[in-house]
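The values are calculated or read from the model by the stated rules, or taken from the named source; none is laboratory data. Quick caveat, the model's predicted, so the values are computed rather than measured. Note that we place each Cβ from the backbone using ideal geometry, even for glycine, and neighbour counts take in every protein chain shown.
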Amino acid sequence: MSTSARLVALNLPDAKVSLLITIARSIVQRMTDNPWFPAPDPSLADVQAAIDDLAEATTTALSRVQGSVASREDKRSALITRLRHLQAHVQSIANANVENAVAIIESAGMDVKNVGKPPPPVYKASEGRVSGEVDLVVPSAGDRAGYEHQHSLDGGKTWLPLPQPFTSKTKVTVAGLTPGTTVWFRYRATVKGETGNWSQPISTMVR
């Protein structure tokens with residue numbers, strides 16, 4: 001695996017069963033009808049069944065019925081095993097699409113473990129070359145990716161497109177801003193016709 005490879009991390013809790021169930025449900029939801037995973041292995045139905053079994057066993061264990069705690073632990077192990085297999089499936093898809101690996105892993109509701117040099121900041125706004133300019137930099141989502149930016153002058157209540165709202169470049173300069181004002185920015189990427197969600201907004205004071 002190259003130094004630019006990305007590994008899939010689940011970061012499952014050691015003891016909190018309720019958190020494990022929440023994470024598992026999120027993964028199933030994020031992978032359902034996800035174009036990157038047309039045929040998950042194991043199937044999402046199988047994983048969902050394991051989630052339901054654990055949820056039921058957890059409720060039963062609260063009653064302290066004999067053997068119920070052991071049963072819950074068996075169900076927990078069964079779910080974790082399925083999630084690990086699903087993790088391996090996501091890893092195989094990411095390995096086959098290295099340029100989009102980060103987007104693929106995150107779209108599955110899983111975390112990215114970096115190998116080698118850390119990636120650049122998720123989204124960065126910095127002072128431009130002249131007053132009233134801001135440089136925006138996004139991480140690359142692939143050679144054929146497009147990026148759409150918006151800005152807000154009222155703390156994120158309303159969003160407006162930039163003069164050049166859609167670009168294939170990872171860096172864009174926003175000009176004509178009023179010095180001394182705080183401007184918020186957000187972006188989203190489009191890969192292979194699939195448009196992602198808006199990023200978490202970032203803000204900067206215009207110089």
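Are any residues in the stretch 8-19 of a type in the set (Val, Ile, Thr) and either free of Cβ contacts under 8 Å to residues at least 12 places away in the same chain or within 18 Å of residue 103 (Cβ to Cβ) (or both), and if so, which ones?
Of everything in the stretch 8-19, just one residue is of a type in the set (Val, Ile, Thr) and either free of Cβ contacts under 8 Å to residues at least 12 places away in the same chain or within 18 Å of residue 103 (Cβ to Cβ) (or both), namely 8.
Cβ-Cβ below 6 Å, separation at least six or inter-chain, first residue in the stretch 20-48 and free of Cβ contacts under 8 Å to residues at least 60 places away in the same chain and in the same structural domain as residue 103 (by TED's automatic domain parsing), second surrounded by 12 or more Cβ atoms within 10 Å (Cβ to Cβ) and among the charged types (D, E, K, R): which pairs?
42/82; 47/82
Every residue in the stretch 54-72 that is of a type outside the set (A, V, I, L, M, F, W, C) and exposed (fewer than 12 other Cβ atoms within 10 Å of the Cβ), please.
Scanning the stretch 54-72 gives 59, 63, 64, 66, 67.
Can you tell me which residue is nearest to residue 129 (Cα to Cα) among those in the stretch 144-196 that are of a type in the set (A, V, I, L, M, F, W, C) and part of a loop (DSSP other than H, G, I, E, B)?
Checking each candidate, the answer is 175.
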